[in-house]
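Below is one structure, written out as structure tokens; comments come after it.
The values are calculated or read from the model by the stated rules, or taken from the named source; none is laboratory data. Quantities reported herein were computed from a predicted structural model and do not represent experimental measurements. Note: ideal-geometry Cβ built from the backbone for every residue, glycine included; neighbour counts use all protein chains shown.
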Amino acid sequence: MIKRRKLHILTCLLMMMVLLLLLLSQQRSEETIKYFPLDSSIAFTSAETKLNLLQETGNDQYQVKWESNSTLDDPIYLRQDISILFMDGRLKGIKGLWKEQEKNINLEVIFEESDSSHFQAITFHHGEAHYPNDEIKSVQQMTTDHLYVIDSPYTALESFRLPSSHLQKEWKETIDRTTNQQLQFVWKEWLKVSNINSNDYQLYSLIDLIQLEKQPIEGLTLHQTKRIIGQLWEGLYKNYILPVANKPETKNQMMPIILIDKNLDHLIVLFTNERNEVETLYQKLSLDN
């Protein structure tokens with residue numbers, strides 16, 4: 001009887017350990033973006049990020065739809081998309097989705113806002129393909145969208161990406177000037193606190209990383225650039241996205257800035273944490289597969 005009870009307890013403990021390992025394994029796959037060598041045999045058939053003004057909701061507010069989607073021809077081991085939204089240069093939201101044995105990812109958020117603003121979103125579409133002998137490769141692409149919304153008591157609610165009237169041009173210039181002044185001031189302070197000489201680096205805002213989707217970093221090939229971008233998003237996800245995604249106090253943070261060493265030795269990402277302290281993410285540039 002005692003032996004049978006011990007066997008039962010041992011079996012239960014083993015089952016609990018197996019379940020725990022499975023849960024931890026699932027959590028690791030869901031809570032990481034990992035760069036692997038790019039798979040030349042796989043490409044996204046479609047990938048996009050979209051921002052659209054929907055309607056007024058009363059009380060001087062309006063609705064905006066923020067969405068992203070990406071599609072492959074066939075399912076692969078792991079699909080991951082992460083999208084980051086900024087409003088007037090400040091963090092508005094972060095959304096992500098992870099699926100196993102999937103080819104499509106669709107994200108959609110409808111939110112309310114007020115006042116005239118410039119919304120910018122960037123999405124990193126990613127996937128892992130697993131092959132025999134533990135070979136893992138990846139597929140990746142960045143997409144972005146932006147939208148100006150003009151909410152004035154003197155004109156009808158409207159939105160645009162490129163201004164098509166004199167009034168829209170004036171609003172764009174006003175919003176851009178205010179946003180850029182704030183960003184430049186904050187970034188200058190971050191550089192000062194971090195004791196970094198900006199003349200030694202190529203500077204990109206997080207949104208401006210989209211430029212490197214088709215244009216290589218100066219001195220590198222496009223393939224090397226994509227490798228660096230994949231590794232950068234791996235670091236961003238672990239050190240910036242995960243820590244701030246679910247903390248209300250991190251909203252309204254100013255947009256991070258990326259500094260790429262002109263000697264192509266390393267890159268640095270500057271941003272602030274929930275205590276408004278400057279954080280520094282340092283990564284050595286690895287140019288070989």
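In summary, ASP115 fulfils each of the numbered conditions (1) surrounded by 13 or more Cβ atoms within 10 Å (Cβ to Cβ); (2) modelled with pLDDT of 95 or more; (3) closer than 26 Å to LEU183 by Cβ with the single exception of condition (2). Within the bounds of the range 48-59, is there any residue that is of a type outside the set (D, E, K, R), touching a Gly at 6+ places or on another chain (Cβ under 8 Å), modelled with pLDDT of 95 or more and surrounded by 17 or more Cβ atoms within 10 Å (Cβ to Cβ)? Within the range 48-59 (the criterion being of a type outside the set (D, E, K, R), touching a Gly at 6+ places or on another chain (Cβ under 8 Å), modelled with pLDDT of 95 or more and surrounded by 17 or more Cβ atoms within 10 Å (Cβ to Cβ)), the answer is no, since none of the residues qualifies. Filtering the range 175-203 to residues that are touching a residue at least 12 places away in the same chain (Cβ under 8 Å) and in a loop (DSSP other than H, G, I, E, B) leaves SER194, ILE196. Of everything in the range 73-109 that is of a type in the set (Asp, Glu) and surrounded by fewer than 19 Cβ atoms within 10 Å (Cβ to Cβ), the residue that is nearest to LYS172 (Cα to Cα) is GLU108.
Of all residues in the range 60-72, those that are surrounded by fewer than 19 Cβ atoms within 10 Å (Cβ to Cβ) have Cβ atoms under 9 Å from Cβ atoms of residues that are of a type in the set (Phe, Trp, Tyr), 6 or more apart or on another chain, in GLN63/PHE111; LYS65/PHE111; THR71/PHE44. Scanning the range 94-126 for residues that are of a type outside the set (D, E, K, R) and out of contact with any helix residue (DSSP H, G or I) (no Cβ under 9 Å at 6 or more places or on another chain) yields a count of 13. Scanning the range 211-261 for residues that are buried (at least 19 other Cβ atoms within 10 Å of the Cβ), β-branched (Val, Ile, Thr) and under 18 Å from LEU91 (Cβ atoms) returns VAL244, THR250, ILE257, ILE258. For the range 106-120, the criterion of being at negative phi, over 21 Å from the mean Cα position of the chain (by Cα) and not charged (D, E, K, R) is satisfied by at least one residue.
Condition check for SER286 on (1) at pLDDT below 95; (2) of a type in the set (Gly, Ala, Ser); (3) within 17 Å of the chain's Cα centre (by Cα): one failure, at (3). Residue-level check: of (1) surrounded by fewer than 18 Cβ atoms within 10 Å (Cβ to Cβ); (2) modelled with pLDDT under 95, ILE33 misses just (1). With respect to THR179, is the statement that it is among the hydroxyl-bearing types (Ser, Thr, Tyr), surrounded by 11 or more Cβ atoms within 10 Å (Cβ to Cβ) and in contact with a helix residue (DSSP H, G or I) (Cβ under 6 Å, 6 or more places away or on another chain) true? When the stated conditions are applied, THR179 does not pass them. For the range 71-90, the set of residues classified as in a strand (DSSP E or B) and over 14 Å from THR123 (Cα atoms) consists of LEU72, ASP73, ASP74, PRO75, ILE76, TYR77, LEU78, MET87, ARG90, listed by residue number. Out of GLN253, GLN231, one residue alone is at pLDDT 95 or above and either over 29 Å from LEU147 (Cα atoms) or not assigned by TED's automatic domain parsing to the domain that holds ILE82 (or both). It is GLN231.
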